[in-house]
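Participant: I have a structure here, written as structure tokens, and I will follow up with some questions on it.
The values are calculated or read from the model by the stated rules, or taken from the named source; none is laboratory data. Every value quoted in this text rests on a predicted model; they were computed, and no experiment measured them. Cβ coordinates were reconstructed from backbone atoms using ideal geometry, including for glycine residues, and neighbour counts include every protein chain displayed. Accessible surface is based on the protein model in full, side chains and every heavy atom, while ligands, DNA and RNA are left aside. Shrake-Rupley method; radii C 1.70, N 1.55, O 1.52, S 1.80 Å.
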Amino acid sequence: MKARMIPQEIALLYHLGKGTPRGRRVQEVLGDLGIPCRELGPDDLCQTIGWCAGLAGYQPTEPPAQPPAPVREEAILLGGLTKDRLDHLLAQLKESELTIELKAVITPYNREWTLSKLFSELQEEHRFFLRIQRLTQLTEQAEARADGDAELRAAALEGRRILEADKAPEPLTLQNAIEGLEAALSRL
């Protein structure tokens, strides 16, 4: 079964409006590539991704009594781009030194989600990625300095085991490994 693609290219921008220097630069890159964009705001957090993207069959929802938590990060959601177009856009953003922490592709799976739910998932993925980066950095430092220090060598081996495992580590396992490496390295 082939996944249904979003019929038209679109970029949904959060905290990247024309009123901000970074927003203007992002919108210039999108404009140069002919990718239309729509600015999203806090009022859209309770709306589905499908509605935000203007997909057929999606209607706006009433705001909940308890509004979603505010999102401070910039975000870009992309729909309808081929892999080549997506790669080209990401390369152009990188070349323009426009790093956007929260990025996602609109899929048949996530278009039913609210913008708030998607941002929550993206934020958690970003935090996980940062922890993996930190564990990698600490493991490499420990491996380089482990000569003659059994505790540091053991912490480095544990870090490497976690990084090379087939399954993503649990958050607590990851945090314990980071703390263990930090403690072992701080003794030196």
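Participant: With respect to L102, is the statement that it is in contact with an Asp or Glu (Cβ under 9 Å, 6 or more places away or on another chain) and at pLDDT 95 or above true? So that I can check it myself, show each step before the final result.
Facilitator: Working: in contact with an Asp or Glu (Cβ under 9 Å, 6 or more places away or on another chain): yes; at pLDDT 95 or above: no.
Criteria not met by L102.
Participant: Taking the stretch 9-52, which residues are in contact (Cβ under 8 Å) with a residue 60 or more places away in the chain, touching a strand residue (DSSP E or B) at 6+ places or on another chain (Cβ under 9 Å) and part of a helix (DSSP H, G or I)?
Facilitator: Selection gives V26, D44, I49, C52.
Participant: Among (1) open to solvent by 50 Å² or more (accessible area, probe 1.4 Å); (2) of a type in the set (G, A, S); (3) part of a strand (DSSP E or B), which single condition is A65 missing?
Facilitator: So A65 meets the others, but not (3).
Participant: Shifting gears a bit: Test of understanding: among L138, L115, which residue is touching a residue at least 60 places away in the same chain (Cβ under 8 Å), touching a helix residue (DSSP H, G or I) at 6+ places or on another chain (Cβ under 6 Å) and under 29 Å from T99 (Cα atoms)?
Facilitator: Working: L138 fails: touching a residue at least 60 places away in the same chain (Cβ under 8 Å).
After applying the criteria, what remains is L115.
Participant: Residue pairs, Cβ under 6 Å, 6 or more apart or interchain, first in the stretch 55-72 and farther than 20 Å from L12 by Cα, second assigned to a loop (DSSP other than H, G, I, E, B). List them.
Facilitator: P64/C46
Participant: Looking at the stretch 161-178 only, could you name the residues that are open to solvent by 60 Å² or more (accessible area, probe 1.4 Å) and of a type outside the set (A, V, I, L, M, F, W, C)?
Facilitator: Initial filter on the stretch 161-178 (open to solvent by 60 Å² or more (accessible area, probe 1.4 Å)): 161, 164, 166-168, 170-172, 175-176.
Scanning the stretch 161-178 gives R161, E164, D166, K167, E170, P171, Q175, N176.
Participant: Moving to a separate point now. E125: closer than 28 Å to R38 by Cα and either open to solvent by 50 Å² or more (accessible area, probe 1.4 Å) or of a type in the set (D, E) (or both), yes or no?
Facilitator: Numbers: closer than 28 Å to R38 by Cα: yes; either open to solvent by 50 Å² or more (accessible area, probe 1.4 Å) or of a type in the set (D, E) (or both): yes.
When the stated conditions are applied, E125 passes them.
Participant: Answer yes or no as to whether L130 is assigned to a helix (DSSP H, G or I), open to solvent by 30 Å² or more (accessible area, probe 1.4 Å) and under 30 Å from G31 (Cβ atoms). Show your work before the answer.
Facilitator: Values: assigned to a helix (DSSP H, G or I): yes; open to solvent by 30 Å² or more (accessible area, probe 1.4 Å): yes; under 30 Å from G31 (Cβ atoms): no.
In short, no.
Participant: May I ask you to verify whether Y109 is open to solvent by 60 Å² or more (accessible area, probe 1.4 Å) and either among the β-branched types (V, I, T) or under 26 Å from F129 (Cα atoms) (or both)?
Facilitator: Numbers: open to solvent by 60 Å² or more (accessible area, probe 1.4 Å): yes; either among the β-branched types (V, I, T) or under 26 Å from F129 (Cα atoms) (or both): yes.
Criteria met by Y109.
Participant: Additional query: Enumerate the pairs (first residue in the stretch 78-100 and under 17 Å from G23 (Cβ atoms); second residue anywhere and assigned to a helix (DSSP H, G or I) and basic (K, R)) with beta-carbon separation below 8 Å, excluding pairs fewer than 6 apart on the same chain, so at least 6 apart or on different chains.
Facilitator: That search, which allows pairs on different chains as well, returns S96/R25; L98/R22; L98/R25.
Participant: Shifting gears a bit: Please count how many residues of the stretch 133-165 are aliphatic (A, V, I, L, M) and outside any helix (DSSP H, G or I). Give the derivation first.
Facilitator: Pass one, the stretch 133-165, residues aliphatic (A, V, I, L, M): 135, 138, 142, 144, 146, 150, 152, 154-157, 162-163, 165.
So of that shortlist, the ones also outside any helix (DSSP H, G or I) come out as 146, 165.
Count: 2.
Participant: Report the residue count in the stretch 68-94 for those that are outside any loop (DSSP other than H, G, I, E, B), among the small types (G, A, S) and surrounded by 13 or more Cβ atoms within 10 Å (Cβ to Cβ). Spell out the reasoning first.
Facilitator: At the first step, the residues of the stretch 68-94 found to be outside any loop (DSSP other than H, G, I, E, B) are 75-79, 83-94.
Then keep just the ones that are among the small types (G, A, S); that gives 75, 79, 91.
Checking which are surrounded by 13 or more Cβ atoms within 10 Å (Cβ to Cβ) leaves us with 75, 79.
Within the stretch 68-94, residues that are outside any loop (DSSP other than H, G, I, E, B), among the small types (G, A, S) and surrounded by 13 or more Cβ atoms within 10 Å (Cβ to Cβ) number 2.
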